[in-house]
Amino acid sequence: MPHITEIEDLKRIYKRRVPKMFYDYCESGAWTEQTFRENSSDFDLLRLRQRVAVDMEGRSTATKMIGEDVSMPVALAPVGMTGMQHADGEILAAKAAEKKGVPFTLSTMSICSLEDVARETSKPFWFQLYVMRDQDFVANMIARAKDVGCSALVLTLDLQILGQRHKDIKNGLSAPPKLTPKSIANLATKWSWGLDMLKTPRRQFGNIVGHAKGVTDVANLSAWTAEQFDPRLDWDKVAKLKEQWGGKLILKGILDVEDAKMALKIGADAIIVSNHGGRQLDGALSSIRILPEIIDAVGDQVEVHMDGGIRSGQDVLKAIALGAKGTYIGRAFIYGLGAMGQKGVETALDVIHKEMDFTMALCGHKNIEDVDRDILLIDDDFYRWRRNT
Ligand SMILES: Cc1cc2nc3c(=O)[nH]c(=O)nc-3n(C[C@H](O)[C@H](O)[C@H](O)COP(=O)(O)O)c2cc1C
(Lines give C-alpha, C1' and ligand atoms only; values in the text may rest on other atoms or scores of the structure.)
Protein backbone atom coordinates (compact mmCIF):
# COMPACT_ATOMS: atom_id res chain seq x y z
CA MET A 1 0.00 0.00 0.00
CA PRO A 2 1.66 3.23 -1.09
CA HIS A 3 2.00 6.01 1.44
CA ILE A 4 -0.41 8.73 0.45
CA THR A 5 -0.02 12.11 2.09
CA GLU A 6 -1.22 14.54 -0.58
CA ILE A 7 -3.48 14.70 -3.64
CA GLU A 8 -0.43 14.67 -5.92
CA ASP A 9 0.38 11.11 -4.71
CA LEU A 10 -3.03 9.94 -5.91
CA LYS A 11 -2.53 11.68 -9.23
CA ARG A 12 0.72 9.80 -9.85
CA ILE A 13 -0.94 6.42 -9.27
CA TYR A 14 -3.97 7.49 -11.29
CA LYS A 15 -1.79 8.37 -14.26
CA ARG A 16 -0.19 4.92 -14.23
CA ARG A 17 -3.44 3.02 -13.85
CA VAL A 18 -5.94 4.63 -16.21
CA PRO A 19 -5.88 4.62 -20.05
CA LYS A 20 -4.27 7.72 -21.49
CA MET A 21 -7.47 8.76 -23.26
CA PHE A 22 -9.30 9.17 -19.94
CA TYR A 23 -6.35 10.66 -18.08
CA ASP A 24 -6.07 13.28 -20.82
CA TYR A 25 -9.83 13.90 -20.73
CA CYS A 26 -9.53 14.75 -17.04
CA GLU A 27 -6.23 16.55 -17.10
CA SER A 28 -6.97 19.12 -19.76
CA GLY A 29 -8.49 22.52 -20.27
CA ALA A 30 -9.75 24.33 -23.34
CA TRP A 31 -7.30 25.66 -25.95
CA THR A 32 -4.10 27.00 -24.32
CA GLU A 33 -5.24 25.77 -20.88
CA GLN A 34 -4.42 29.15 -19.29
CA THR A 35 -7.60 29.21 -17.20
CA PHE A 36 -7.10 25.57 -16.21
CA ARG A 37 -3.59 26.35 -14.93
CA GLU A 38 -4.52 29.62 -13.22
CA ASN A 39 -7.45 28.02 -11.38
CA SER A 40 -4.79 26.34 -9.25
CA SER A 41 -1.86 28.76 -9.40
CA ASP A 42 -3.95 31.80 -8.38
CA PHE A 43 -4.48 30.28 -4.95
CA ASP A 44 -0.80 31.13 -4.38
CA LEU A 45 -1.68 34.85 -4.42
CA LEU A 46 -3.50 34.30 -1.15
CA ARG A 47 -1.32 33.68 1.91
CA LEU A 48 -2.31 32.87 5.45
CA ARG A 49 -1.97 34.74 8.74
CA GLN A 50 -0.49 32.54 11.41
CA ARG A 51 -1.84 33.14 14.92
CA VAL A 52 -0.41 31.64 18.10
CA ALA A 53 -1.45 30.84 21.64
CA VAL A 54 -5.05 30.28 20.68
CA ASP A 55 -6.77 27.23 22.19
CA MET A 56 -7.22 24.82 19.29
CA GLU A 57 -8.90 21.90 20.99
CA GLY A 58 -12.34 20.68 19.88
CA ARG A 59 -12.29 21.91 16.30
CA SER A 60 -15.10 21.48 13.79
CA THR A 61 -15.25 21.73 10.01
CA ALA A 62 -18.95 20.80 9.96
CA THR A 63 -21.34 23.25 8.36
CA LYS A 64 -24.28 23.33 5.93
CA MET A 65 -24.56 23.56 2.16
CA ILE A 66 -28.07 24.49 0.90
CA GLY A 67 -29.37 23.59 4.34
CA GLU A 68 -27.88 20.08 4.32
CA ASP A 69 -25.42 19.03 7.01
CA VAL A 70 -21.91 18.43 5.66
CA SER A 71 -18.82 17.26 7.54
CA MET A 72 -16.84 19.92 5.67
CA PRO A 73 -17.76 22.45 2.98
CA VAL A 74 -16.57 20.24 0.13
CA ALA A 75 -18.83 18.43 -2.35
CA LEU A 76 -17.89 16.11 -5.20
CA ALA A 77 -18.38 18.01 -8.46
CA PRO A 78 -20.27 16.49 -11.38
CA VAL A 79 -17.72 14.81 -13.63
CA GLY A 80 -18.75 13.22 -16.91
CA MET A 81 -17.52 9.70 -17.69
CA THR A 82 -16.45 9.05 -14.10
CA GLY A 83 -17.31 5.40 -14.73
CA MET A 84 -14.54 5.29 -17.33
CA GLN A 85 -11.91 6.42 -14.82
CA HIS A 86 -12.74 3.33 -12.76
CA ALA A 87 -15.37 0.65 -13.28
CA ASP A 88 -18.62 1.75 -11.60
CA GLY A 89 -16.88 5.02 -10.73
CA GLU A 90 -19.98 7.06 -9.94
CA ILE A 91 -21.30 4.42 -7.54
CA LEU A 92 -17.94 4.19 -5.78
CA ALA A 93 -17.52 7.96 -5.51
CA ALA A 94 -21.08 8.37 -4.21
CA LYS A 95 -20.43 5.73 -1.56
CA ALA A 96 -17.21 7.45 -0.52
CA ALA A 97 -19.01 10.80 -0.27
CA GLU A 98 -21.75 9.26 1.82
CA LYS A 99 -19.24 7.67 4.16
CA LYS A 100 -17.36 10.93 4.60
CA GLY A 101 -20.48 13.06 5.02
CA VAL A 102 -20.19 15.26 1.93
CA PRO A 103 -22.55 15.73 -1.04
CA PHE A 104 -22.10 13.78 -4.27
CA THR A 105 -23.22 15.30 -7.57
CA LEU A 106 -24.03 12.95 -10.44
CA SER A 107 -23.38 14.28 -13.94
CA THR A 108 -25.88 13.97 -16.77
CA MET A 109 -22.94 12.50 -18.70
CA SER A 110 -22.27 9.76 -16.17
CA ILE A 111 -21.68 6.12 -16.96
CA CYS A 112 -23.68 4.79 -14.00
CA SER A 113 -27.27 6.00 -14.19
CA LEU A 114 -29.36 7.90 -11.64
CA GLU A 115 -31.04 4.63 -10.74
CA ASP A 116 -27.72 2.74 -10.41
CA VAL A 117 -26.36 5.28 -7.92
CA ALA A 118 -29.63 5.48 -5.96
CA ARG A 119 -29.74 1.70 -5.65
CA GLU A 120 -26.24 1.56 -4.17
CA THR A 121 -26.47 4.49 -1.74
CA SER A 122 -28.80 5.42 1.08
CA LYS A 123 -28.47 9.21 1.30
CA PRO A 124 -29.95 11.56 -1.33
CA PHE A 125 -27.41 12.87 -3.82
CA TRP A 126 -27.48 15.87 -6.16
CA PHE A 127 -28.11 15.65 -9.89
CA GLN A 128 -26.39 17.87 -12.44
CA LEU A 129 -28.44 18.64 -15.53
CA TYR A 130 -27.32 19.67 -18.97
CA VAL A 131 -30.13 21.16 -20.99
CA MET A 132 -30.78 19.27 -24.21
CA ARG A 133 -32.74 20.25 -27.30
CA ASP A 134 -35.05 17.29 -26.70
CA GLN A 135 -37.47 18.70 -24.12
CA ASP A 136 -39.10 15.33 -23.46
CA PHE A 137 -35.73 13.90 -22.59
CA VAL A 138 -35.03 16.78 -20.18
CA ALA A 139 -38.46 16.44 -18.57
CA ASN A 140 -37.89 12.72 -18.24
CA MET A 141 -34.48 13.21 -16.62
CA ILE A 142 -35.93 15.70 -14.12
CA ALA A 143 -38.70 13.21 -13.30
CA ARG A 144 -36.14 10.42 -12.86
CA ALA A 145 -34.04 12.59 -10.54
CA LYS A 146 -37.16 13.29 -8.46
CA ASP A 147 -38.12 9.62 -8.44
CA VAL A 148 -34.79 8.51 -7.02
CA GLY A 149 -34.95 11.25 -4.37
CA CYS A 150 -32.20 13.67 -5.48
CA SER A 151 -32.20 16.56 -3.02
CA ALA A 152 -30.89 19.26 -5.38
CA LEU A 153 -30.66 19.98 -9.08
CA VAL A 154 -27.38 21.49 -10.23
CA LEU A 155 -28.07 23.20 -13.52
CA THR A 156 -24.92 23.78 -15.55
CA LEU A 157 -25.06 26.98 -17.58
CA ASP A 158 -21.60 27.20 -19.12
CA LEU A 159 -21.76 24.38 -21.65
CA GLN A 160 -24.24 25.12 -24.40
CA ILE A 161 -21.38 24.36 -26.75
CA LEU A 162 -18.33 22.29 -25.88
CA GLY A 163 -15.00 24.04 -25.34
CA GLN A 164 -12.28 22.60 -27.56
CA ARG A 165 -9.83 20.38 -25.77
CA HIS A 166 -7.12 19.42 -28.22
CA LYS A 167 -6.15 16.15 -26.60
CA ASP A 168 -9.67 14.71 -26.68
CA ILE A 169 -9.91 15.30 -30.41
CA LYS A 170 -6.49 13.80 -31.04
CA ASN A 171 -7.21 10.78 -28.82
CA GLY A 172 -10.65 10.17 -30.38
CA LEU A 173 -12.20 10.20 -26.89
CA SER A 174 -15.19 7.91 -26.58
CA ALA A 175 -17.04 5.71 -24.08
CA PRO A 176 -16.36 2.85 -24.35
CA PRO A 177 -12.95 3.55 -25.95
CA LYS A 178 -12.76 2.79 -29.67
CA LEU A 179 -10.26 0.10 -30.42
CA THR A 180 -7.52 1.42 -32.67
CA PRO A 181 -3.91 0.14 -32.81
CA LYS A 182 -2.88 3.09 -30.63
CA SER A 183 -5.61 2.69 -28.00
CA ILE A 184 -5.12 -1.09 -27.88
CA ALA A 185 -1.39 -0.62 -27.28
CA ASN A 186 -2.17 1.73 -24.39
CA LEU A 187 -4.99 -0.41 -22.95
CA ALA A 188 -2.66 -3.41 -22.91
CA THR A 189 -0.58 -1.65 -20.25
CA LYS A 190 -3.66 -0.89 -18.11
CA TRP A 191 -4.74 -4.43 -17.32
CA SER A 192 -6.09 -3.87 -13.80
CA TRP A 193 -8.31 -1.08 -15.12
CA GLY A 194 -9.43 -3.36 -17.95
CA LEU A 195 -10.17 -6.35 -15.73
CA ASP A 196 -12.40 -4.24 -13.49
CA MET A 197 -14.10 -2.81 -16.56
CA LEU A 198 -14.84 -6.29 -17.93
CA LYS A 199 -16.62 -7.16 -14.69
CA THR A 200 -19.19 -4.37 -14.93
CA PRO A 201 -22.01 -4.03 -17.47
CA ARG A 202 -21.78 -0.22 -17.16
CA ARG A 203 -19.62 1.10 -20.00
CA GLN A 204 -21.88 3.61 -21.76
CA PHE A 205 -23.63 6.85 -20.83
CA GLY A 206 -26.13 5.32 -18.42
CA ASN A 207 -28.47 8.31 -18.15
CA ILE A 208 -28.80 8.58 -21.91
CA VAL A 209 -28.59 5.21 -23.60
CA GLY A 210 -32.09 3.79 -23.77
CA HIS A 211 -33.64 7.08 -22.63
CA ALA A 212 -32.99 9.55 -25.46
CA LYS A 213 -34.61 9.24 -28.87
CA GLY A 214 -32.76 9.58 -32.14
CA VAL A 215 -29.28 9.71 -30.70
CA THR A 216 -26.94 8.66 -33.43
CA ASP A 217 -23.55 8.53 -31.74
CA VAL A 218 -23.58 8.40 -27.97
CA ALA A 219 -20.03 7.14 -27.65
CA ASN A 220 -18.53 10.29 -29.14
CA LEU A 221 -18.96 12.98 -26.53
CA SER A 222 -18.20 15.99 -28.70
CA ALA A 223 -20.42 14.84 -31.56
CA TRP A 224 -23.23 14.09 -29.15
CA THR A 225 -22.87 17.44 -27.41
CA ALA A 226 -22.94 19.33 -30.68
CA GLU A 227 -26.04 17.44 -31.73
CA GLN A 228 -28.01 17.39 -28.49
CA PHE A 229 -27.08 20.25 -26.14
CA ASP A 230 -29.41 23.22 -26.37
CA PRO A 231 -27.55 26.30 -27.64
CA ARG A 232 -30.71 28.40 -27.11
CA LEU A 233 -30.66 28.06 -23.33
CA ASP A 234 -31.54 31.45 -21.78
CA TRP A 235 -32.77 32.83 -18.45
CA ASP A 236 -36.44 32.24 -19.35
CA LYS A 237 -35.67 28.58 -19.84
CA VAL A 238 -33.74 28.49 -16.58
CA ALA A 239 -36.80 29.91 -14.79
CA LYS A 240 -39.02 27.28 -16.42
CA LEU A 241 -36.68 24.48 -15.42
CA LYS A 242 -36.70 25.77 -11.86
CA GLU A 243 -40.47 25.45 -11.87
CA GLN A 244 -40.38 22.02 -13.48
CA TRP A 245 -37.95 20.77 -10.83
CA GLY A 246 -39.67 22.41 -7.86
CA GLY A 247 -36.86 21.58 -5.42
CA LYS A 248 -33.53 23.12 -4.43
CA LEU A 249 -31.72 24.60 -7.41
CA ILE A 250 -27.99 25.32 -7.74
CA LEU A 251 -26.82 27.26 -10.80
CA LYS A 252 -23.35 26.22 -11.94
CA GLY A 253 -20.93 28.14 -14.11
CA ILE A 254 -21.40 31.71 -12.89
CA LEU A 255 -18.32 33.84 -13.49
CA ASP A 256 -19.70 37.35 -13.70
CA VAL A 257 -21.49 39.68 -11.29
CA GLU A 258 -24.26 40.43 -13.80
CA ASP A 259 -24.97 36.71 -14.19
CA ALA A 260 -24.88 36.24 -10.42
CA LYS A 261 -27.55 38.93 -10.16
CA MET A 262 -29.67 37.13 -12.77
CA ALA A 263 -29.33 33.91 -10.78
CA LEU A 264 -30.50 35.80 -7.72
CA LYS A 265 -33.55 37.09 -9.61
CA ILE A 266 -34.43 33.56 -10.70
CA GLY A 267 -34.42 32.56 -7.05
CA ALA A 268 -31.60 30.00 -7.09
CA ASP A 269 -30.78 28.45 -3.73
CA ALA A 270 -27.07 28.63 -4.52
CA ILE A 271 -24.70 29.54 -7.33
CA ILE A 272 -21.39 27.91 -8.17
CA VAL A 273 -18.67 30.31 -9.23
CA SER A 274 -17.03 28.06 -11.80
CA ASN A 275 -15.35 28.06 -15.19
CA HIS A 276 -15.89 24.33 -15.59
CA GLY A 277 -12.37 23.58 -14.43
CA GLY A 278 -10.92 25.68 -17.27
CA ARG A 279 -12.55 23.41 -19.84
CA GLN A 280 -14.85 25.95 -21.52
CA LEU A 281 -13.80 29.60 -22.03
CA ASP A 282 -10.02 29.66 -22.02
CA GLY A 283 -8.83 33.13 -20.98
CA ALA A 284 -11.59 33.52 -18.39
CA LEU A 285 -10.46 34.48 -14.90
CA SER A 286 -9.75 31.75 -12.40
CA SER A 287 -12.68 31.02 -10.08
CA ILE A 288 -10.82 32.06 -6.95
CA ARG A 289 -10.03 35.50 -8.43
CA ILE A 290 -13.57 36.32 -9.40
CA LEU A 291 -15.05 34.87 -6.22
CA PRO A 292 -14.73 37.92 -3.89
CA GLU A 293 -16.34 40.29 -6.39
CA ILE A 294 -19.35 37.98 -6.74
CA ILE A 295 -19.59 37.47 -2.98
CA ASP A 296 -19.49 41.22 -2.39
CA ALA A 297 -22.29 41.70 -4.92
CA VAL A 298 -24.72 38.91 -3.96
CA GLY A 299 -23.23 36.90 -1.09
CA ASP A 300 -25.68 38.19 1.49
CA GLN A 301 -28.66 37.15 -0.65
CA VAL A 302 -27.72 33.78 -2.12
CA GLU A 303 -25.38 31.02 -1.06
CA VAL A 304 -22.20 31.26 -3.10
CA HIS A 305 -20.19 28.11 -3.79
CA MET A 306 -17.08 27.76 -5.92
CA ASP A 307 -14.99 25.19 -7.75
CA GLY A 308 -11.88 25.13 -9.89
CA GLY A 309 -8.29 24.32 -9.09
CA ILE A 310 -8.78 22.96 -5.58
CA ARG A 311 -6.00 20.49 -4.86
CA SER A 312 -5.68 20.84 -1.10
CA GLY A 313 -7.53 21.65 2.08
CA GLN A 314 -5.69 24.96 2.17
CA ASP A 315 -7.31 25.87 -1.15
CA VAL A 316 -10.73 25.07 0.33
CA LEU A 317 -10.01 27.17 3.40
CA LYS A 318 -8.97 30.15 1.26
CA ALA A 319 -12.24 29.98 -0.70
CA ILE A 320 -14.22 29.76 2.53
CA ALA A 321 -12.22 32.67 3.98
CA LEU A 322 -13.17 34.79 0.96
CA GLY A 323 -16.81 34.06 1.75
CA ALA A 324 -17.80 30.90 -0.15
CA LYS A 325 -20.26 28.71 1.76
CA GLY A 326 -19.15 25.58 -0.05
CA THR A 327 -16.65 24.23 -2.55
CA TYR A 328 -16.49 21.33 -4.99
CA ILE A 329 -13.62 19.14 -6.08
CA GLY A 330 -13.50 17.60 -9.55
CA ARG A 331 -10.08 16.33 -10.53
CA ALA A 332 -8.89 15.88 -6.94
CA PHE A 333 -11.44 13.13 -6.38
CA ILE A 334 -10.99 11.65 -9.85
CA TYR A 335 -7.27 11.13 -9.12
CA GLY A 336 -8.26 9.18 -6.02
CA LEU A 337 -10.94 7.19 -7.84
CA GLY A 338 -8.68 6.26 -10.75
CA ALA A 339 -5.88 5.34 -8.36
CA MET A 340 -7.77 3.21 -5.87
CA GLY A 341 -11.53 3.22 -6.43
CA GLN A 342 -13.76 4.08 -3.47
CA LYS A 343 -10.84 3.95 -1.05
CA GLY A 344 -9.01 6.50 -3.18
CA VAL A 345 -11.92 8.96 -3.07
CA GLU A 346 -12.13 8.52 0.70
CA THR A 347 -8.38 9.13 0.91
CA ALA A 348 -8.68 12.30 -1.20
CA LEU A 349 -11.40 13.58 1.15
CA ASP A 350 -9.35 12.67 4.23
CA VAL A 351 -6.27 14.44 2.88
CA ILE A 352 -8.28 17.58 2.14
CA HIS A 353 -10.02 17.47 5.50
CA LYS A 354 -6.79 17.19 7.44
CA GLU A 355 -5.10 20.00 5.53
CA MET A 356 -8.13 22.25 6.04
CA ASP A 357 -8.48 21.45 9.72
CA PHE A 358 -4.78 21.94 10.59
CA THR A 359 -4.56 25.14 8.58
CA MET A 360 -7.67 26.53 10.26
CA ALA A 361 -6.14 25.78 13.67
CA LEU A 362 -2.81 27.41 12.82
CA CYS A 363 -4.72 30.48 11.66
CA GLY A 364 -6.31 30.66 15.10
CA HIS A 365 -9.78 29.21 14.50
CA LYS A 366 -11.67 26.23 15.88
CA ASN A 367 -14.80 26.44 13.80
CA ILE A 368 -14.99 26.68 10.02
CA GLU A 369 -18.06 28.90 10.30
CA ASP A 370 -15.96 31.58 12.04
CA VAL A 371 -13.31 31.74 9.32
CA ASP A 372 -13.34 34.96 7.30
CA ARG A 373 -11.07 37.19 5.19
CA ASP A 374 -9.19 38.12 8.31
CA ILE A 375 -7.06 34.97 8.01
CA LEU A 376 -5.80 35.99 4.56
CA LEU A 377 -2.93 38.10 3.31
CA ILE A 378 -3.79 39.09 -0.22
CA ASP A 379 -1.27 39.93 -2.94
CA ASP A 380 -1.99 43.27 -4.65
CA ASP A 381 -1.89 41.36 -7.93
CA PHE A 382 -4.89 39.31 -6.91
CA TYR A 383 -7.20 42.16 -7.89
CA ARG A 384 -5.27 43.07 -11.04
CA TRP A 385 -7.86 42.22 -13.67
CA ARG A 386 -10.68 44.74 -13.82
CA ARG A 387 -13.54 45.21 -16.23
CA ASN A 388 -12.95 47.92 -18.79
CA THR A 389 -15.85 50.18 -17.72
C1 LIG B 1 -13.15 15.19 -16.56
C2 LIG B 1 -14.14 16.24 -16.19
C3 LIG B 1 -15.46 16.10 -16.58
C4 LIG B 1 -16.42 17.06 -16.20
N5 LIG B 1 -17.74 16.86 -16.51
C6 LIG B 1 -18.67 17.73 -16.07
C7 LIG B 1 -20.05 17.48 -16.28
O8 LIG B 1 -20.44 16.46 -16.82
N9 LIG B 1 -20.92 18.41 -15.84
C10 LIG B 1 -20.54 19.57 -15.21
O11 LIG B 1 -21.37 20.40 -14.83
N12 LIG B 1 -19.22 19.80 -14.98
C13 LIG B 1 -18.29 18.91 -15.38
N14 LIG B 1 -16.97 19.15 -15.11
C15 LIG B 1 -16.58 20.33 -14.33
C16 LIG B 1 -16.58 20.02 -12.84
O17 LIG B 1 -17.89 19.86 -12.36
C18 LIG B 1 -15.92 21.14 -12.02
O19 LIG B 1 -16.52 22.37 -12.37
C20 LIG B 1 -14.41 21.20 -12.22
O21 LIG B 1 -13.86 19.92 -12.34
C22 LIG B 1 -13.77 21.94 -11.07
O23 LIG B 1 -12.40 22.07 -11.26
P24 LIG B 1 -11.29 21.06 -10.64
O25 LIG B 1 -11.33 19.81 -11.48
O26 LIG B 1 -10.03 21.81 -10.79
O27 LIG B 1 -11.68 20.77 -9.22
C28 LIG B 1 -16.00 18.20 -15.46
C29 LIG B 1 -14.66 18.33 -15.09
C30 LIG B 1 -13.74 17.36 -15.43
C31 LIG B 1 -12.32 17.52 -14.97
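Exactly one condition in (1) open to solvent by less than 90 Å² (accessible area, probe 1.4 Å); (2) among the hydrophobic types (A, V, I, L, M, F, W, C); (3) more than 23 Å from residue 330 (Cα to Cα) is not met by residue 362; state its number.
(1)
Within region 293-312, restricting attention to residues that are part of a loop (DSSP other than H, G, I, E, B) and either touching a helix residue (DSSP H, G or I) at 6+ places or on another chain (Cβ under 7 Å) or within 22 Å of residue 31 (Cβ to Cβ) (or both), which residue is farthest from the ligand (Cβ to nearest atom)?
301
Go through 42, 55 for me and flag whichever is among the acidic types (Asp, Glu), open to solvent by less than 20 Å² (accessible area, probe 1.4 Å) and either at pLDDT below 95 or out of contact with any strand residue (DSSP E or B) (no Cβ under 8 Å at 6 or more places or on another chain) (or both).
Result of the check over 42, 55: 42.
Report the residue count in region 313-333 for those that are open to solvent by less than 10 Å² (accessible area, probe 1.4 Å) and within 16 Å of the ligand (Cβ to nearest atom).
Filtering region 313-333 down to residues open to solvent by less than 10 Å² (accessible area, probe 1.4 Å) leaves 313, 316-317, 319, 321-322, 324, 326-329, 332-333.
If we keep only those that are within 16 Å of the ligand (Cβ to nearest atom) as well, we get 313, 316-317, 319, 324, 326-329, 332-333.
Going through region 313-333 one residue at a time, the tally reaches 11.
Of all residues in region 58-93 being of a type in the set (A, V, I, L, M, F, W, C) and farther than 29 Å from residue 299 by Cα, which is most open to solvent (accessible area, probe 1.4 Å)?
The residue in question is 92.
Does residue 63 count as in contact with a helix residue (DSSP H, G or I) (Cβ under 6 Å, 6 or more places away or on another chain) and not aromatic (Phe, Trp, Tyr)?
On the way: in contact with a helix residue (DSSP H, G or I) (Cβ under 6 Å, 6 or more places away or on another chain): yes; not aromatic (Phe, Trp, Tyr): yes.
Taking the combined requirement at face value, the residue satisfies it.
What tally of residues in region 18-39 results from selecting those that are open to solvent by less than 10 Å² (accessible area, probe 1.4 Å) and over 20 Å from the mean Cα position of the chain (by Cα)?
1
Taking region 125-160, which residues are modelled with pLDDT under 95, in contact with a Phe, Trp or Tyr (Cβ under 7 Å, 6 or more places away or on another chain) and surrounded by fewer than 19 Cβ atoms within 10 Å (Cβ to Cβ)?
Of everything in region 125-160, just one residue is modelled with pLDDT under 95, in contact with a Phe, Trp or Tyr (Cβ under 7 Å, 6 or more places away or on another chain) and surrounded by fewer than 19 Cβ atoms within 10 Å (Cβ to Cβ), namely 160.
Of the residues that make up region 300-312, is at least one touching a residue at least 24 places away in the same chain (Cβ under 8 Å), surrounded by 22 or more Cβ atoms within 10 Å (Cβ to Cβ) and within 20 Å of residue 161 (Cβ to Cβ)?
So far as region 300-312 goes, yes, one or more of its residues are touching a residue at least 24 places away in the same chain (Cβ under 8 Å), surrounded by 22 or more Cβ atoms within 10 Å (Cβ to Cβ) and within 20 Å of residue 161 (Cβ to Cβ).
Here's the yes/no breakdown for (1) under 18 Å from residue 130 (Cβ atoms); (2) open to solvent by 10 Å² or more (accessible area, probe 1.4 Å); (3) in contact with a strand residue (DSSP E or B) (Cβ under 7 Å, 6 or more places away or on another chain); (4) not in a strand (DSSP E or B):
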| residue | (1), (2), (3), (4) |
| --- | --- |
| 213 | yes, yes, no, yes |
| 239 | yes, yes, no, yes |
| 250 | yes, no, yes, no |
| 259 | yes, yes, no, yes |
| 268 | yes, yes, yes, yes |
| 272 | yes, no, yes, no |
| 281 | yes, yes, no, yes |
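Take the residues of region 28-55 that are aliphatic (A, V, I, L, M) and either in contact with a Leu (Cβ under 8 Å, 6 or more places away or on another chain) or assigned to a strand (DSSP E or B) (or both): which is farthest from residue 309 (Cα to Cα)?
Top of the filtered list is 48.
For residue 184, work out the one condition from (1) buried (at least 19 other Cβ atoms within 10 Å of the Cβ); (2) more than 16 Å from the ligand (Cβ to nearest atom); (3) aliphatic (A, V, I, L, M) it doesn't fulfil.
With (1) buried (at least 19 other Cβ atoms within 10 Å of the Cβ); (2) more than 16 Å from the ligand (Cβ to nearest atom); (3) aliphatic (A, V, I, L, M) applied to residue 184, the lone miss is (1).
To keep it simple, each residue is scored yes or no on (1) more than 16 Å from the ligand (Cβ to nearest atom); (2) touching a strand residue (DSSP E or B) at 6+ places or on another chain (Cβ under 6 Å); (3) without any contact (Cβ under 8 Å) to a residue 60 or more places away in the chain.
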residue: 16; (1), (2), (3): yes, no, yes
residue: 24; (1), (2), (3): no, no, no
residue: 33; (1), (2), (3): no, no, no
residue: 97; (1), (2), (3): no, yes, no
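Surrounded by fewer than 24 Cβ atoms within 10 Å (Cβ to Cβ) and either under 17 Å from residue 153 (Cα atoms) or more than 9 Å from the ligand (Cβ to nearest atom) (or both), is that true of residue 290?
So residue 290 passes the test.
The values are calculated or read from the model by the stated rules, or taken from the named source; none is laboratory data. These numbers come from a predicted model, not from an experiment. Note that each Cβ is placed from the backbone with ideal geometry, even for glycine, and that neighbours are counted across all protein chains shown. Protein only, heavy atoms only, side chains kept; ligands, DNA and RNA dropped before computing areas. Shrake-Rupley method; radii C 1.70, N 1.55, O 1.52, S 1.80 Å.
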